[in-house]
Amino acid sequence: MRVWIDADACPKQAKDQVVKFALKRQLEVLLVAGQAQIKPGFACVKLIVVPAGPDAADDYLVEHAMPGELVICSDVPLADRLIKKGVAALDPRGREFDERNMGDRLAVRNLFTELREQGQVGGGQAPYGDKEKQAFANSLDRILTRLARQAHS
């Protein structure tokens, strides 16, 4: 099984967590980025740097990730494209994207984009701390277990 990471926007702690799971469960990790990154020194991890351009990494992920695989991303429109293709998607804070919550997630994202553009709210997420790391690890474990069961049935 492969786990893909939208590497430009993913916190280092989440990437490290995925690599730990990959080593334990013998998974392949593919970091997809629009710019060079430091790649963990394990054979199971590969770095794919896509040509610069708007949504180039997103387009690569949608084109190459397959049903039964997992993509770690915080980009809601990207997650929507992946879900429609049958690919599991999880944000680095442990919230899984699925058909049931995509409408709400897109609506909230669009609302906040609009409010930011109007200067009514500031940008950025809260810091990535222990609570977020734990929520991510728990969700990652649950989704990888579910995907492994589906692959064997």
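The values are calculated or read from the model by the stated rules, or taken from the named source; none is laboratory data. What you see is a predicted model; the values in this text were computed from it and never measured. Every residue, glycine as well, gets a Cβ built from its backbone with ideal geometry; the counts of neighbours run over all protein chains shown.
None of Leu70, Leu61 is over 23 Å from Asn138 (Cα atoms) and surrounded by 21 or more Cβ atoms within 10 Å (Cβ to Cβ) except Leu61.
Please work out if Gly124 is over 15 Å from the mean Cα position of the chain (by Cα), at pLDDT below 95 and outside any helix (DSSP H, G or I). Answer is yes for this residue. Filtered by the rule that a residue be out of contact with any helix residue (DSSP H, G or I) (no Cβ under 9 Å at 6 or more places or on another chain) and within 16 Å of Pro11 (Cβ to Cβ), segment 139-152 gives a lone residue, Ser139. Residues in segment 41-50 that are surrounded by 17 or more Cβ atoms within 10 Å (Cβ to Cβ) and part of a loop (DSSP other than H, G, I, E, B): Val50 alone. Among residues of segment 127-153 being in a helix (DSSP H, G or I), of a type in the set (Gly, Ala, Ser) and surrounded by fewer than 15 Cβ atoms within 10 Å (Cβ to Cβ), the one that is modelled with the highest pLDDT is Ala148. Per the conditions (1) at pLDDT below 95; (2) exposed (fewer than 13 other Cβ atoms within 10 Å of the Cβ), the sole criterion not satisfied by Phe97 is (2). The set of residues in segment 1-35 being assigned to a helix (DSSP H, G or I) and touching a residue at least 24 places away in the same chain (Cβ under 8 Å) consists of Gln13, Ala14, Lys15, Asp16, Gln17, Val18, Val19, Phe21, Arg25.
Residues of segment 74-83 that are surrounded by 23 or more Cβ atoms within 10 Å (Cβ to Cβ) and modelled with pLDDT under 95: Ala79 alone. In summary, Met102 fulfils each of the numbered conditions (1) at pLDDT 95 or above; (2) surrounded by 16 or more Cβ atoms within 10 Å (Cβ to Cβ) with the single exception of condition (1). Give the residues of segment 9-38 that are among the charged types (D, E, K, R) and buried (at least 17 other Cβ atoms within 10 Å of the Cβ), sorted by residue number. Answer for segment 9-38, where residues must be among the charged types (D, E, K, R) and buried (at least 17 other Cβ atoms within 10 Å of the Cβ): just Lys15.
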